[in-house]
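The values are calculated or read from the model by the stated rules, or taken from the named source; none is laboratory data. No experiment lies behind these values; they were computed from the predicted model shown. So basically every Cβ, Gly included, is an ideal-geometry build from the backbone, and we count neighbours across all protein chains shown. Accessible surface is based on the protein model in full, side chains and every heavy atom, while ligands, DNA and RNA are left aside. Shrake-Rupley method; radii C 1.70, N 1.55, O 1.52, S 1.80 Å.
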Amino acid sequence: QVQLVESGGGLVQPGGSLRLSCAASGRIFSSNGMGWYRQAPGKERELVASISRLGNIIYADFVKGRFTISRDNAKNTVYLQMNSLKTEDTAVYYCNYYDYAYDIDYWGKGTLVTVSL
């Protein structure tokens with residue numbers, strides 16, 4: 001089992017910034033990927049960004065140039081720096097841990113990001 005603890009959500013005005021963090025603990029293997037998904041009210045969960053342990057990164061088109069994902073392998077922690085936030089970025093953001101060896105996804109409980117005046 002892998003446990004994920006997210007932090008950093010909150011209320012921010014359009015154009016502002018937030019930094020999300022997610023720490024993984026438990027059965028951590030070297031072959032894994034971590035990332036962030038989001039789900040807005042009435043919409044399906046969608047990928048925001050992901051990063052492998054070796055640093056291969058994927059961004060959704062709607063965050064390119066605004067969000068930056070990074071990870072600290074020593075701390076088993078993934079970060080999402082979100083800049084130039086828009087109202088449409090409002091959603092619950094979920095941390096994801098993917099175990100390549102066992103083909104298993106783990107999810108955090110989610111952290112709410114609200115972008116509003």
Extent along principal axes [Cα atoms of the range 25-76; Å; largest to smallest]: 34, 24, 15
Lysines with Cα under 17 Å of residue 64, excluding same-chain neighbours fewer than 8 positions away: 86
Calculate the spin-label point distance for residue 21 paired with residue 39, positioning each point 7 Å from the Cα along the beta-carbon direction, and give it in nanometres. 2.6
Determine the share of the chain's accessible area contributed by carbon and sulfur atoms, expressed in whole percent, with a 1.4 angstrom probe. 50
Go through 89-101, 63-75 and give me the packing order, highest mean Cβ count within 10 Å leading. 89-101, 63-75
When averaged across all projection directions, what area in nm² does the alpha-carbon convex hull of the range 57-110 cover? 4.7
State to the nearest 20 debye the size of the charge dipole of the chain about its Cα centre, where the only charges are +1 on K and R beta carbons and -1 on D and E beta carbons. 240
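Averaged across orientations, what area in nm² does the convex hull of the alpha carbons in the chain project?
Over all viewing directions, the chain projects a mean Cα-hull area of 6.8 nm².
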Arrange the peptides 16-25, 36-45 so that the one whose residues have, on average, the most other Cβ atoms within 10 Å appears first. 16-25, 36-45
